[in-house]
1. Which pairs do you get when a residue that is at the interface with another protein chain (Cβ under 8 Å from one of its Cβ atoms) and at positive phi, found in region F:205-226, comes within reach of a residue that is assigned to a loop (DSSP other than H, G, I, E, B) and at pLDDT below 95, reach meaning Cβ atoms under 9 angstrom, with the pair 6+ apart or on two chains?
2. Please identify the pairs in which a residue from region E:47-74 that is over 21 Å from E:Gly117 (Cβ atoms) has its Cβ atom under 9 Å from the Cβ atom of a residue that is in a loop (DSSP other than H, G, I, E, B) and among the aliphatic types (A, V, I, L, M), counting only partners at least 6 apart or on another chain.
3. Condition (residue is more than 24 Å from C:Ala199 (Cα to Cα) and of a type in the set (D, E, K, R)) applied to region C:32-47: is it met by at least one residue?
4. Kindly indicate whether any position in region D:178-191 is out of contact with any helix residue (DSSP H, G or I) (no Cβ under 6 Å at 6 or more places or on another chain), basic (Lys, Arg) and at pLDDT 90 or above.
5. For E:Ile196, are the conditions met, namely being within 7 Å of another protein chain (Cβ to nearest Cβ), among the β-branched types (Val, Ile, Thr) and either in a strand (DSSP E or B) or free of Cβ contacts under 8 Å to residues at least 60 places away in the same chain (or both)?
6. Could you look through region F:19-44, keep only residues that are part of a helix (DSSP H, G or I) and within 18 Å of F:Ile147 (Cβ to Cβ), and pick out the one that is farthest from the other protein chains (Cβ to nearest Cβ)?
7. Regarding C:Asp14, is this residue in a helix (DSSP H, G or I), within 15 Å of the chain's Cα centre (by Cα) and among the charged types (D, E, K, R)?
8. Being under 16 Å from the mean Cα position of the chain (by Cα) and not in a strand (DSSP E or B) is the filter here, so list the residues in region E:181-193 that pass it.
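The values are calculated or read from the model by the stated rules, or taken from the named source; none is laboratory data. Note that the structure is predicted; figures quoted are calculated from it, not measured. When we count neighbours, we look across all protein chains shown, and the Cβ atoms used for this are built from the backbone with ideal geometry, even at glycine.
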Protein chains: 6
Amino acid sequence: MSDQRTPFGIKALDNMISGGLLAGSANLLEGAPGTGKTTLAMQFIYNGITQFREPGLIITFEEFPQQYYHDAMQFGWDFKKLETEGTLKIIFSDPQTALDELGKMDGQFVTIIEEMGIKRVAIDSITHFESLTSDPYELREIERKFINSLKRENVTSVLLRENDTLLGSVSHVTSKIPFIVDTYMLMRYVEIDSAIAKALCILKMRGSEHQKDIRCFNITSSGIDVEAKFSGREGIMSGITHSTPQDAFVNVFGKKK
Amino acid sequence: MSDQRTPFGIKALDNMISGGLLAGSANLLEGAPGTGKTTLAMQFIYNGITQFREPGLIITFEEFPQQYYHDAMQFGWDFKKLETEGTLKIIFSDPQTALDELGKMDGQFVTIIEEMGIKRVAIDSITHFESLTSDPYELREIERKFINSLKRENVTSVLLRENDTLLGSVSHVTSKIPFIVDTYMLMRYVEIDSAIAKALCILKMRGSEHQKDIRCFNITSSGIDVEAKFSGREGIMSGITHSTPQDAFVNVFGKKK
Amino acid sequence: MSDQRTPFGIKALDNMISGGLLAGSANLLEGAPGTGKTTLAMQFIYNGITQFREPGLIITFEEFPQQYYHDAMQFGWDFKKLETEGTLKIIFSDPQTALDELGKMDGQFVTIIEEMGIKRVAIDSITHFESLTSDPYELREIERKFINSLKRENVTSVLLRENDTLLGSVSHVTSKIPFIVDTYMLMRYVEIDSAIAKALCILKMRGSEHQKDIRCFNITSSGIDVEAKFSGREGIMSGITHSTPQDAFVNVFGKKK
Amino acid sequence: MSDQRTPFGIKALDNMISGGLLAGSANLLEGAPGTGKTTLAMQFIYNGITQFREPGLIITFEEFPQQYYHDAMQFGWDFKKLETEGTLKIIFSDPQTALDELGKMDGQFVTIIEEMGIKRVAIDSITHFESLTSDPYELREIERKFINSLKRENVTSVLLRENDTLLGSVSHVTSKIPFIVDTYMLMRYVEIDSAIAKALCILKMRGSEHQKDIRCFNITSSGIDVEAKFSGREGIMSGITHSTPQDAFVNVFGKKK
Amino acid sequence: MSDQRTPFGIKALDNMISGGLLAGSANLLEGAPGTGKTTLAMQFIYNGITQFREPGLIITFEEFPQQYYHDAMQFGWDFKKLETEGTLKIIFSDPQTALDELGKMDGQFVTIIEEMGIKRVAIDSITHFESLTSDPYELREIERKFINSLKRENVTSVLLRENDTLLGSVSHVTSKIPFIVDTYMLMRYVEIDSAIAKALCILKMRGSEHQKDIRCFNITSSGIDVEAKFSGREGIMSGITHSTPQDAFVNVFGKKK
Amino acid sequence: MSDQRTPFGIKALDNMISGGLLAGSANLLEGAPGTGKTTLAMQFIYNGITQFREPGLIITFEEFPQQYYHDAMQFGWDFKKLETEGTLKIIFSDPQTALDELGKMDGQFVTIIEEMGIKRVAIDSITHFESLTSDPYELREIERKFINSLKRENVTSVLLRENDTLLGSVSHVTSKIPFIVDTYMLMRYVEIDSAIAKALCILKMRGSEHQKDIRCFNITSSGIDVEAKFSGREGIMSGITHSTPQDAFVNVFGKKK
């Protein structure tokens, strides 16, 4: 892990993290279904290749590469072409194989990383490691070992993790991974004015300054778009916000002069 | 999964999802008892046949076809006649059989789909797969396999799922299916002014823009009717809303001019 | 199940359900201890016999018939006399026997239903089926089979179910029965102004329009009396209501003119 | 169970229950530690003997008779003297013995009840039956059998039950007994103005009208003293009340004229 | 247990309990880590010896006597000297030994109590009995037996118990001990104005009048100092208080005249 | 444990604890992922060496020493150099080894402590002891034994512990360690104005006065910076604060004069 930056290529987001993720770091991206984890990971990989000339690898434990080609193309990202050009590789695998092949020096994944000069890796999703053991301490060991393998290869990784919290409070971490990774980023739903908005915040970023704002974001036709923080609202992390009393008063009576 | 649309034939709802479900997609419809899941699924199938000339299949794990004939007829939908005409098929089955028969190329269900030219499938309900295993990882595999079979046949499916939340907060997903499907739609009860209203929102729609509003809806004599979003209310997804302070002030003092 | 109505003979309640329960339907009546489930069931049976000439059957798994004679007499309903006249039958049984005897064509209960021309059945309470198995899927099968037997006999049934929620939020269904039955009716306690009121609402009614109001009701000397909905109160289904801000302002400052 | 009344001899409380408990009924008295369950039971027994000439029996599963002599004497009730006079009996026993001896016609407890002409029985506490089995259905059978034995002897019983709720919401019943008994009475703590008050309410009373108020009560030097209901407070059953907005406004601005 | 009082020697606290604990009673003192349970117990023992000439015994299951000498000395209480003078004994033991040695007439602890004329005993902490069994009924028997042994020796005991509630609501008792003991005293943390205050209240005191106030207290250089109750605050027992609306209005607008 | 102080070298923090931790004490530092536990521990060790000439030892169960060199260097602390100079030692170990080697007089760790004259020890993290046993009583024994070993060596220790609470209420202690240690310090996240702030408070400090404020803190380029307490906010320990009504009124209407 060096102090060099690995930007997402999303300006507002990179600004929040002092320019980008730290090169060589392992970064957790956690969110409920549909919050846009995979989209953000694809954008990280795509921009890495096209804007920063960093070849990328996506290891997936559930969807076939075809799904990624299709989904990426929605945003105008031609993953198939990148694969043909040799700057992107999408591998459908399973947790045990991934752990083994990344663990040994001459493993298949290690070979790919080294031969292609991979700099960015996305894992979709680290949640699947939970199927390997029901012992939380053994799971932590497995996750630690996997992250160490990624770090040894000196790639900057984005580890997706499924979070079961839909609109409730993100009151507790439901795994020990947040303690192990370098960055912990949360994406969640928030109810505002009878609609569902999306919020993003960075809770932890080891070895770097970062903004603490809870930001609104949207998934647009060109990918994730990070906006300003929420205003006049309390309890965003509880999922169901309410107006601040100030905001309510001002809305009705007007602001004092 | 293509970018072609498969409309519900419910204007306000189709508008929320940019014209319709994506052709070939697997779409989860989750709700508490009585929220209208089956009605919406029947309407999707009925309108598919009568408005869009897409033959439909309903696979049910609990109710006999007679119950569907009866319930559909309440809304003026003559399912018996459609079955006679060969554009609708209602099959009473069990989860294991459904999984097997959809899984093999020459399975009974596959044959029906191909011979009838089925384009839309409703599963009532995917909840019953939970009786096949108590291992959450195995269940996920089963559900994934089932969904892949549906996608292989290129049908647009609506998967109903029973949600135990009655009027409490939909704080957590209670299954991993929301992470697997293309669309995640929630139907729920909401208490407003000492009455029980119904709300619908689309949390996830892979590969498509969609509206994020939490909409009020009713079950009328002609089926599901989707209305405007709620106004002057906070905490809709908690099930028990409260007036916004603004709304309360205005209600009593009038709006400032 | 036809579209014919089976009224409770309680005007305000029958109005809520478009005239009455659907003939041949299975209807769940759930409530905390003391909310009046048994009283409402007895009233359904009594009015059926005396106002609508429909013979009735009560199957009980806990109380002896004597308890029903006594309790019914509090409301002026002479159950003993009705039994003598042959229009009412109260059977003390156990869940397994009830399941078996209703399940076979020449079973004891089936014979009674057919010989007496029973049109209405009350089960006090379906909760006792939970003692037959600890497997939720097997329980669902048992309940489904029992309900199917009732439907085969074409009787309109009221299935009582004990709900453990005392004054907390009815946040979740605690059984799968609400998904199986045609009607789901909830009776609950509500704290208002340092007193305990009773509320009733109909969450689900398959194949029929119904009112969505949460209604106040009382147990009077002549049985259940359903009143208006609650006003100026929020959070009724949470059990512990609070005044709406509007109501509070108006109470103190008076309504704006 | 007849319609005859068995008063507590506490005027305000008897008024709440139309004059007294129903003769021959089984009545549950549930409360947190220190709320005064035992005091109310002793008062029921003492007043029965001294005011209504009904001999009383206390069956205890934890405390020795000496503790009752001592505690009763705090309120001026001379239990030792009543035992000598033959109108009171305090038996230290265990749940299994109590169940057996009350269950058989020539059992020790039955003999005592019949020889002494016992009319009132207090059980301190029915909670101890929970040590007999971990199966909730078997427990229900045991409790039912015990209550039936009491009813067969035609005594009016007060069954104490320990409730673990200290200051939280009494959101759920934690046992099936409330569904079995004739009366369900709750005693609880309530925080008001940085002090702990006591509240009592009657949730269920089979075969009788009863007041629904949540009443404040105190333990004075002469026993339980039931007072008015709480005013200007919401959420009493949640244990931690808050002022109603009305009350707060009036307190500060005065009532509108 | 007599009506004689055993004062803490803390005036404000003794006033709350009509002069002191009842001689011979068993008194539970429950609190979160750091609330001052041990300090209050040491003060009870110290003042007993120095102000009321009642020799004291501390039985500890975790800390060595040296820790008590050190901690007591912070408050100016010279425990080592008292031990030398023969008015204090601190024993490091384990729950099983304590149970056995107090249980038999010629046990080591009984001998000490009788030879030294011990009048006050502190147990630090009764929580450790939970390591003896995982069966809650057996645990209750053990605790009961232990308490009976203390009562047989006619000592006034203070039983410390660890409460896991840090700042949440003390919603439930987490053990059956509160039902067994004579006095139940709670010490807890409360958040007020971005600081952590300490609160104390007496929920139960068998055989004696006691104040119901929730009092603020501090640990000063001379021990526990009990102050007035909290004002202008609601929800103290929930751990996180909020201003009463009255208080908020008055704070801003001033009190009406 | 003496009364001598072991300062953090962070002025605002040392002021809160009367000058520093007590020499020889065992101090628990608990927090969610990313709150800065390790940073504070490194600062404690670094300042100990450079400002107070007290050699330090870091025992880590997860990260390699390289990670500490890197992370410390972010704050300008050259750990590698200190190791070379012989005033710092970072050991990567496992819980069982640490327990054994600290437990015996001639153990490896004991030797290091004595030879280097170690005065400060940081354990990162004590959470890992939970992998040694699933029995809470055995775990308590292990932790107690480990802490006793540290105390025997007369070092001042900072024991890090992972707290799973992210933004929910720190309602309960999730381990028995807080009852065993001398100091219990909590670091947590707090949502304020759509951003995530950090709060610190000291709940327990045995044998010393300490401030009870809940303080805001930041991680700056020179380490932990402790600031003032929060103002105009309630519910800080619930993680999701809200404005006090006072603050809201004043914000809109201005303060009364």
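1. Pairs that qualify, where the first residue is at the interface with another protein chain (Cβ under 8 Å from one of its Cβ atoms) and at positive phi and the partner is assigned to a loop (DSSP other than H, G, I, E, B) and at pLDDT below 95, are F:Gly207/F:Met1; F:Gly207/F:Asp3.
2. Taking only residues 6 or more apart or on different chains, the pairs are E:Gln67/F:Met1; E:His70/F:Met1.
3. No, region C:32-47 has no match at all.
4. Yes, because at least one residue in region D:178-191 is out of contact with any helix residue (DSSP H, G or I) (no Cβ under 6 Å at 6 or more places or on another chain), basic (Lys, Arg) and at pLDDT 90 or above.
5. yes
6. Quick first cut of region F:19-44, residues part of a helix (DSSP H, G or I) only: F:37-44.
Then keep just the ones that are within 18 Å of F:Ile147 (Cβ to Cβ); that gives F:37, F:41, F:44.
On the way: F:Lys37: 10, F:Ala41: 14, F:Phe44: 18 Å.
Of everything passing the filter in region F:19-44, F:Phe44 is farthest from the other protein chains (Cβ to nearest Cβ).
7. On the way: in a helix (DSSP H, G or I): yes; within 15 Å of the chain's Cα centre (by Cα): yes; among the charged types (D, E, K, R): yes.
Yes; evaluated as a whole, the condition is true for this residue.
8. Narrowing region E:181-193 to residues under 16 Å from the mean Cα position of the chain (by Cα): E:181-189.
Within region E:181-193, E:Val181, E:Asp182 meet the criteria.
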